[in-house]
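The values are calculated or read from the model by the stated rules, or taken from the named source; none is laboratory data. Note that this is a predicted model, so its numbers are computed, not measured. Using ideal geometry, Cβ is built from the backbone for each residue, glycine included, and neighbour counts are taken over all protein chains shown.
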Amino acid sequence: MDIHDSTSSAPSTGPDWTQGIKLSTADRPARERHEWLREVIGREYANVEVTPPADGSLFNEMTIYPWQALRLSAIRSSAICLERLPREPHLISHDAYFAVVLLSGGYQLEQNGKAVFLQPGDLTLYDATLPHRIHCPQNFSKLIVSIPRPLLRDRIAGIEHCTALRIPGNQGIGAVAANLLRTSASQTGHLHAQQFSALADHALDLLTLALASVRPANFNLSRSRAIALNRIKDFIDRHLADPAMDSAMVAYGVGLSSRYINDLFKDEDTSLMRYIWQRRLENCRKDLLDPIHTGHRLSDIAFRWGFNDLSHFSRAFKQHFGCSPKAYRQQMKVQPRACSTDMP
């Protein structure tokens, strides 16, 4: 397949048809192509170093289609090497996984100490935020599906173990997933925007099945859940004083869905917000006993730990510890065990 061939046949135009954004080095002077491509890939995908072909004949064309929460990109390029060094993602949109379908040419991906070599039709996955190296020694074309991290974390436990693995595209669920993606990309010019959008859910379902098919058999599900729960609790403790902390803030901060987070807390017979209130109340209780805070008002202590309503704090404290904050402070000075600190 020549790198200058179009991915799809002549597209229809109009507001109701699927529209993509086309970006190409062919639109830039030769001397500007290398830096331009590095900036575009950094903005749209991941912040990487770009090594062009040895002969300097750099060509790269990408057509990007918004696809509900996903993005589908059709890319044609000359030989190229892309490498992401260890660094933080500089855009929130880069916190994603990229599923790749190779259409033509050769493709090698290295990540997490693993290397995968794709043949045309094969699929693989990589984490845009982690160091990786992509080497394509000849002209190639591929599809990329950009998937926000929470979507895959919610669907596949241990998704971090599924990167840089080859999913054969000539048989089984890999063939089904690859065929849907190829057909969706090739028919964009003949699909209404609503029709194209409706395919996104099917694509994600098939990619989920394909990735689950190569997940290592020795993957420890309970360990992964424990790691995730510890990460959530660490985030909560670091932001406990922020009265604006809610389920949306926690989900965004740890890159997991609210539903999955609450599912993790069910294992401890609680919920996310109940855990947050318990942590706040426990810190308030400790401050009430600390001689350092003897002269501090109850409101000072409550507001220090994220409460913004003194009446609500007093009610929650009494419900949790069996007496009001004021009574707790007074009674503990005289009789340290006057109030129970057990959960009701």
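When the stretch 215-241 is examined, which residues are found to be assigned to a loop (DSSP other than H, G, I, E, B) and surrounded by 12 or more Cβ atoms within 10 Å (Cβ to Cβ)?
Within the stretch 215-241, R215, F219, N220, H239, L240, A241 meet the criteria.
Residue-by-condition table, conditions (1) surrounded by fewer than 18 Cβ atoms within 10 Å (Cβ to Cβ); (2) outside the structural domain of Q194 (by TED's automatic domain parsing); (3) assigned to a helix (DSSP H, G or I):
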{"position": "E32", "(1), (2), (3)": "yes, no, yes"}
{"position": "L37", "(1), (2), (3)": "no, no, yes"}
{"position": "I41", "(1), (2), (3)": "no, no, yes"}
{"position": "P53", "(1), (2), (3)": "yes, no, no"}
{"position": "L58", "(1), (2), (3)": "no, no, no"}
{"position": "E61", "(1), (2), (3)": "no, no, no"}
{"position": "R71", "(1), (2), (3)": "no, no, no"}
{"position": "R76", "(1), (2), (3)": "no, no, no"}
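Mind listing just one residue for me: the one in the stretch 304-325 that is touching a residue at least 40 places away in the same chain (Cβ under 8 Å) and surrounded by fewer than 17 Cβ atoms within 10 Å (Cβ to Cβ) and, of those, nearest to D234 (Cα to Cα)? I'd like the intermediate steps shown before the answer.
Here is the first cut: in the stretch 304-325, the residues touching a residue at least 40 places away in the same chain (Cβ under 8 Å) are 304-308, 320-321, 325.
Narrowing the set further to residues that are surrounded by fewer than 17 Cβ atoms within 10 Å (Cβ to Cβ) leaves 304, 308.
Details: R304: 18, N308: 22 Å.
Within the stretch 304-325, the match that is nearest to D234 (Cα to Cα) is R304.
Out of the residues in the stretch 7-30 that are modelled with pLDDT of 95 or more and β-branched (V, I, T), state the one that is surrounded by the most Cβ atoms within 10 Å (Cβ to Cβ).
So, considering only residues that are modelled with pLDDT of 95 or more and β-branched (V, I, T), the one surrounded by the most Cβ atoms within 10 Å (Cβ to Cβ) is T25.
Consider C136 against the criteria (1) touching a helix residue (DSSP H, G or I) at 6+ places or on another chain (Cβ under 7 Å); (2) surrounded by 20 or more Cβ atoms within 10 Å (Cβ to Cβ): it satisfies all of them except one. Which criterion is unmet?
Result: C136 passes all but (1).
Looking only at the stretch 151-174, decide whether some residue is part of a helix (DSSP H, G or I) and more than 23 Å from the chain's Cα centre (by Cα).
Yes, some residue in the stretch 151-174 is part of a helix (DSSP H, G or I) and more than 23 Å from the chain's Cα centre (by Cα).
Can you name the number of the only condition in (1) in contact with a helix residue (DSSP H, G or I) (Cβ under 8 Å, 6 or more places away or on another chain); (2) part of a helix (DSSP H, G or I); (3) β-branched (V, I, T) that I292 fails?
Among (1) in contact with a helix residue (DSSP H, G or I) (Cβ under 8 Å, 6 or more places away or on another chain); (2) part of a helix (DSSP H, G or I); (3) β-branched (V, I, T), I292 violates only (1).
Say we look at the stretch 183-192 and pick out the residues that are more than 13 Å from L72 (Cβ to Cβ) and part of a helix (DSSP H, G or I); which of these is modelled with the highest pLDDT? Quick ask: steps written out before the conclusion?
Quick first cut of the stretch 183-192, residues more than 13 Å from L72 (Cβ to Cβ) only: 189-190, 192.
Then drop every residue that is not part of a helix (DSSP H, G or I), which leaves 189-190.
Details: G189: 91, H190: 94.
Checking each candidate, the answer is H190.
Taking the stretch 242-255, which residues are touching a residue at least 24 places away in the same chain (Cβ under 8 Å) and assigned to a loop (DSSP other than H, G, I, E, B)?
Passing the criteria: D242, P243, M245, D246, G255.
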